[in-house]
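Below is one structure, written out as structure tokens, with a few remarks after it.
The values are calculated or read from the model by the stated rules, or taken from the named source; none is laboratory data. The shown structure was predicted, so the numbers you read here are calculated from the model rather than taken from an experiment. Backbone-built Cβ (ideal geometry, glycine too); neighbour counts: all protein chains shown. When the accessible area is computed, the model is the full protein with side chains, heavy atoms only, and any ligands, DNA or RNA have been set aside. Shrake-Rupley method; radii C 1.70, N 1.55, O 1.52, S 1.80 Å.
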Amino acid sequence: MGTGCASIHLAITPKTPHEFTFPKNFLWGAATSAYQVEGNNANNDWWEWEQTHSSGARSGMAADHWNRFEEDFTLAKELGHNAHRFSIEWSRIEPQEGQWDIVALEHYASVIRSLRSKGMEPIVTLHHFTIPLWLAHQGGWTSQKAPALFARYVEKVAEYLGSDVFFWMTLNEPGVYAYKGYLVGEWPPGEKSPEQGIKVIDNLLLGHVLAYKKIKAMYVRKGWKEPMVGISQSVLIFRACSDYSLRDRVAARFRHWMFNHLFVQALIRGHAYCVGVFNIHLPQTKTLDFIGLNYYTRDFVQHSGFGFPGILGQACTATVTQDQHTGKDNSLSWEIYPKGLDTFLKDFSRYKLPLLVSENGIATNDDAQRTDFIREHLKAIAHAMEEGAPVIGYLYWSLLDNYEWSQGFVPRFGLIEVNYTTQKRTIRESARRYEEIIRSGKLRF
Ligand code: IFM
């Protein structure tokens, strides 16, 4: 006899644990940037800025990677890495406008030789936030001359190092660079000017396009195998502070487009897409061979006006509710949200270009948290790849503890711990767990 109550049977199929195998040629490794690890980069805008503006920490000798790269790469090889991303310091290559330092070029040639001799693919970034002082004093990336000057430096580097490099990244996180330096003024040159910020984005776009063409032309002239040239795009999940507020949702949406997609779309679709904000003309021809994604966290955003930059919204003033936030943060209070990486890899698949996770990492003093972080983000990648995302590699940020810009040396991102007094390196357990995944090429979930 029935009870009179309709019973609903929910067919919940438990997800069967399964194993994902990464492709044989998957790039596994870590990333660094010149200013954050090399030490003694005294001829650029950040060094000058530090003398008066930083929170107290100065980069100084950083991790002394300039002198210790051989030792550091030996450790990376021991950890199973088959790729390494690093950046070239423009102010070392061109210390004065138009003057080239062959010793510095030769240094980077030995960095590349060292990687290759250890079976690691060099992935070379040409601009990672710092610019030479001589350029900074002419207005940096706001100067109309900047794109051509950047392209000239890139051409020099490509000519000298190109025979051994296949992957180039012209710019690291152009949106972050413009935002921090020109919109909120936290980084050099400390401007708070939307007009200048837009000019910088314009010039970075043009700088990339000119550099891309110079690299490609150089390889044709030299008869070298055609390289892959891309950028590193910072991507952040933006969630509305309140799902019930249309204005918050609009702010989150706008931020998403502006920070995550605009730069790449401008390069892929050309100038016309940029709804008249930009006054430069980008070619419709291909200027991007792959996209690097730097993914760390999720931000909560609320409405803060309809003008610019108000339309970008701001961080929530009230606490975000528990059901929205995972409740897990790194030591910089960035939320840990691995699902976001899956989301972005699928989202960026629409551009039909190979995707490289060119940065993903955690600042923490709890190394077990780093192990979890890496595993969870690799699962997110595996998941996205199962659904067709064309991911070619994963580079943890960072190989070494390093100088975290205005936060100094306190945040610890490294797979390898650095004692800044003695410069002693110690491999962290998390690096060993990452090594196990690399060596097996498999992940169970
Ligand atoms: O340290 C930075 C790096 O320079 C650029 N991407 C984000 C990292 C962590 O903040």
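Residues of the range 36-64 that are in a helix (DSSP H, G or I) and within 14 Å of the ligand (Cβ to nearest atom): Q36, V37, W46. Name the residues in the range 218-233 that are farther than 19 Å from T287 by Cβ and either within 16 Å of the ligand (Cβ to nearest atom) or within 17 Å of the chain's Cα centre (by Cα) (or both), would you? Residues satisfying the conditions do not exist here.
Among the residues making up the range 273-300, those that are touching a Leu at 6+ places or on another chain (Cβ under 8 Å), part of a loop (DSSP other than H, G, I, E, B) and at pLDDT 80 or above are T287, L288, D289. Within the range 411-427, being away from the ligand (no atom under 12 Å from the Cβ) and under 22 Å from the mean Cα position of the chain (by Cα) holds for L415, I416, E417, V418. Being among the polar types (S, T, N, Q), surrounded by fewer than 22 Cβ atoms within 10 Å (Cβ to Cβ) and under 30 Å from K77 (Cβ atoms) is a condition met by at least one residue of the range 163-170. Scanning the range 207-256 for residues that are in a strand (DSSP E or B), open to solvent by less than 30 Å² (accessible area, probe 1.4 Å), under 30 Å from S163 (Cβ atoms) and of a type outside the set (S, T, Y) returns V229, G230, I231, Q233. Does E186 count as away from the ligand (no atom under 16 Å from the Cβ), over 26 Å from D347 (Cα atoms) and open to solvent by 10 Å² or more (accessible area, probe 1.4 Å)? No, not satisfied.
Assess whether E404 counts as being touching a residue at least 12 places away in the same chain (Cβ under 8 Å), surrounded by fewer than 22 Cβ atoms within 10 Å (Cβ to Cβ) and in contact with a helix residue (DSSP H, G or I) (Cβ under 8 Å, 6 or more places away or on another chain). In short, yes. From F69, F73, F86, F129, which residue is in contact (Cβ under 8 Å) with a residue 60 or more places away in the chain, among the aromatic types (F, W, Y) and surrounded by 15 or more Cβ atoms within 10 Å (Cβ to Cβ)? Just a single option satisfies the conditions, and that option is F129. I374 meets the conditions (1) within 12 Å of the ligand (Cβ to nearest atom); (2) within 14 Å of K442 (Cα to Cα) in every case but one. The failed one is (1). A single entry from G313, G393 fulfils the requirement of being at pLDDT 95 or above, surrounded by 15 or more Cβ atoms within 10 Å (Cβ to Cβ), within 24 Å of Q265 (Cβ to Cβ) and away from the ligand (no atom under 14 Å from the Cβ): G393. Within the range 15-53, the residues that satisfy the criterion of being open to solvent by 100 Å² or more (accessible area, probe 1.4 Å) and modelled with pLDDT under 95 are K15, T16, T52, H53.
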